[in-house]
Amino acid sequence: MARPVTAGQAERSATVGRMAPALRAQAPWRLLAISLAVALVLVLPLAFLLLQASDAGAGTIAHLIFRSLTATLLWNTVRLIVVVTLLCAIIGTVTAWLIERTSLPGRRFWAVLVVVPLAIPDFVVSFGWASLSTSVQGFRGAVLVMTLAVYPLVYLPVAASFRNADPGQEEVARSLGAGRLATFWRITIGQARGAILGGCLLVALVILAEYGAFEILGYQTFTTEIFTEFGISFNVPAASALSLVLVLLGLIVLSGEGLARGRGRVSRSGPLAQRIAERQRLGAWTPVALAGLGLLVGLALGVPVGAAVYWILESGRGYLTGVSLLDAGWHTALYSGIAAALTTLMALPVALLALRHSKRAYQLLERGTYLVLAMPGLVIALALSYFTERDANGFLYQSAPLLIIAYAILFFPLALVCVRASLAQAPPDLEAVARSLGQRRLAVLGRVTLPLIGPGLAAGFCLVFLSAVTELTATLILIPTGVQTLSTQFWAYEQNLAYGQAAPFALAIIVIAAVPSYVLGRFFDRLPSRAAFAR
Amino acid sequence: MSELQITDLHKSYGAHPVLAGVELTVPAGSLTAIVGPSGSGKTTLLRLLAGFQRPDRGTIAIAGRTIDGEREFVPAERRRIGYVPQEGALFPHLTVQANVAFGLPRARRRNGAGDLLEMVGLAGLERRYPHQLSGGQQQRVALARALAVDPQIVLLDEPFASLDAHLRASVREDVNTILDKADATTVLVTHDQDEALSLADRVAVLRDGRIVQCATPSDLYTRPVDQEVARFIGKANVIDGVLDGDHVQTQLGNLPVTGQELRSSRKRPSSTGPRPVSVLIRPEQIELGSAGEESAATGRIVRAGYHGHESLVDVRLGPEHGGQLLVVRVPGGTHVSPGERVGLTVCDAVLTWPA
């Protein structure tokens, strides 16, 4: 046998079949090594957390977990998750149905407006409501604020699934004697079930990780308690114990993902002919629907923005914070930009490995990286901070690179979703054809692969950038000494009840975050939803 | 245009052999179709030819020059093999013009595609994007793109599979004309034997990783090497018989045998008296008449499938003739109804294989 065909190559080609990788000769071990390195970085916080907990000793940790405080926090967290997730599921699904499937006037306009709240950080929504009325606090306040802040997480996937669902199925259901309502319940909702569940999981994860909004509302959850234990009492064992419980909760929520995907297998029969579903006539219900959407947008968008504007006007021009606003804005953009670029780059090899070399182990590696979703920013930041201070002799402690690494770990799954979706748009067959037309590998990369996946990389960059700009918790912990970002400076003013000074920072965050949100919206609109959500 | 020669080509995925010693010569300027059931290794063979994968063993040569062998390997981009994958695989981010000109040197990319688009009948669509084209148009752009770089060989992978039936016929026609004009040596892979027979100069049947027969369409149809090939290429009735000299005794009478020269040339143990054989009778070799006249056998019509220009009729032979089910082709106007008793006559010389 003269030809060196390794077992690995042969096995890979066998499973890939006709989609044999065109970039095969780029030794997969190199790709594998890079991907493993990325995975290693992602595991760091969890490893540090376990290290931190073991420093305290198993007995202490167990003692700290099994006490009534944990039960209280658990109750607070779980009941909030249940209620908010339910509300988001209803609001998100109904809104998506109104906009995608009915004769609602001004659909394109509403489609933009109902998503915008995603660009407003939860702590800004919280600030908006709490600064206007002292009655918005505690459990009810948290339900109100979180629902308004995160319902787009359900709306987006459900709207996409409505857009792409096969209208033929509804027609068949009607012809089989199912009425309008029965058809909606059994077919329309059935088609969107996977998307709804997927959105609900994201909502639950966000609530688990949220800190700023609850601190403002005086609602005690795991995150606020961990922050207090670590940041104020320096009680590391207690913080570690609670972090472990929090991560466990995250893993439990995440395990529901398999359920969501299993149910959500939406298939179209026949070729992907883009048939548009006949829109449901709203008729006399039109004013009701318009009023409902108007109310939703008013509460979710109008109140936070209005409150910020109100406080700026209220405070007059006494505090002009132009310089510090610019300075904080610059640091926000700098850290977020570098983190976004780094994260997108990290996601590329992992996505390539999983998509182009379909081997069970590689796909497991890729799926494994999604476990990061169970790690709240607070836990990641604390673990990194504690480790660099205690065990690494202060190397990188309170430095910009550490903050950027924390962002990269925290937002890795977001970048991966985008990069993966765009890679799926560039099938290896195209690269094969390009090569047979006489193009060298590098030329193929430049002329075919990059132009095709470019939009996806840009989307990944935007999503991470947007998330980093609106991040508060990890930033508060890891911000380099003497530096402020928009969110930390906002937080400092807000905690001193200097609403007039805090408000411009809130507005600046919204403005900066709005740009990448718009780009993202365009990207996901154009993508076939199968690619975007078939993780 | 150049001859393509494949010698002893082997390829396996893990323990599963896909190609097990493929031998094939594609004459310069001809169109050779490779047919085979799905999973027979057709696409793998094309990918090896294009240079996207390496064989385990064997050589591929174009115009006498080895491009893949023990010591030589010419990478895909230097093979000058035009590859047209299934569904065309047009670059979605490029216009028709840019797609066709993709492989041209930079200086000619701007306006080098005009003639070819004219040739494939798509002049005027230069600025369209692939998603704005119909399936047939996409297929023709993909072909023009492959021809643009003046390839030595053109590979077509199931090019018409994604088109619907009546479009398929016309696109097939177009592609044939274009390839004729371009005088390209072409290898076409398909699982559609009808397509292979009507389009190709030569048809190669790939089975279990080997080419079991390579012949002109009419040779392949009239003289398949074995039952399996006979059944794969068109409809076939295979019945038992006893061969004696140049006639074979069957349930349908004593029939003259063709293909004697084929058999004798292989130096089979020469006829030592009568011996059992399998007999191939194509559906159009049987004529239906009224029962009991001068026909050799009688049977009862089980089912008739009307196809407009013809009908395919299933006939069960009477118990006295063995009761076998036969398929018979009759002109579309013929009146046949299930249950009717008919007489069967074989009107042509038949092919036999040793049983």
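Being under 22 Å from B:GLY29 (Cβ atoms), more than 14 Å from every other protein chain (Cβ to nearest Cβ) and without any contact (Cβ under 8 Å) to a residue 12 or more places away in the chain holds for only one residue in B:ARG110, B:ARG65, and it is B:ARG65. Residue selection: B:ALA123 satisfies the criterion of being in a loop (DSSP other than H, G, I, E, B), away from every other protein chain (no Cβ under 13 Å), out of contact with any Cys (no Cβ under 8 Å at 6 or more places or on another chain) and not β-branched (Val, Ile, Thr). The residues listed here are A:LEU352, A:LEU345, A:LEU402; of these, the one that is in a helix (DSSP H, G or I), away from chain B (no Cβ under 14 Å), over 15 Å from the mean Cα position of the chain (by Cα) and within 30 Å of B:LEU104 (Cβ to Cβ) is A:LEU352. Per the listing A:GLY482, A:GLY446, A:GLY438, A:GLY454, the residue uniquely small (Gly, Ala, Ser), within 14 Å of chain B (Cβ to nearest Cβ) and in a loop (DSSP other than H, G, I, E, B) is A:GLY438. Residues that are farther than 20 Å from A:THR470 by Cα, under 26 Å from the mean Cα position of the chain (by Cα) and assigned to a helix (DSSP H, G or I) are absent from segment A:205-212. In the set (1) surrounded by fewer than 18 Cβ atoms within 10 Å (Cβ to Cβ); (2) away from chain A (no Cβ under 14 Å); (3) not β-branched (Val, Ile, Thr), B:SER2 fails one condition alone, (1). Of B:ALA113, B:ALA33, all but one fail to be over 21 Å from B:ALA161 (Cα atoms) and of a type in the set (A, V, I, L, M); the exception is B:ALA113.
Filtering segment A:451-486 to residues that are crowded, with 24+ Cβ neighbours inside 10 Å, more than 19 Å from A:ALA508 (Cα to Cα) and touching a Cys at 6+ places or on another chain (Cβ under 8 Å) leaves A:GLY456, A:ALA459, A:GLY460. If you check B:LEU147, B:LEU117, B:LEU90, B:LEU46 for being surrounded by 19 or more Cβ atoms within 10 Å (Cβ to Cβ) and away from chain A (no Cβ under 13 Å), only one passes: B:LEU117.
Among all positions in segment B:245-260, there is no residue which is in a helix (DSSP H, G or I), touching a strand residue (DSSP E or B) at 6+ places or on another chain (Cβ under 7 Å) and of a type in the set (A, V, I, L, M, F, W, C). Considering segment B:70-87 alone, what residues qualify as being more than 9 Å from chain A (Cβ to nearest Cβ) and either buried (at least 19 other Cβ atoms within 10 Å of the Cβ) or not hydrophobic (A, V, I, L, M, F, W, C) (or both)? Correct list: B:GLU72 only.
For B:SER265, the conditions (1) surrounded by 12 or more Cβ atoms within 10 Å (Cβ to Cβ); (2) at pLDDT below 85; (3) within 21 Å of B:ALA230 (Cβ to Cβ) all hold with the exception of (1).
The values are calculated or read from the model by the stated rules, or taken from the named source; none is laboratory data. Because the structure is predicted, anything quoted here is derived from the model rather than measured. Every residue, glycine among them, receives a Cβ derived from its backbone with ideal geometry; neighbour counts consider all protein chains shown.
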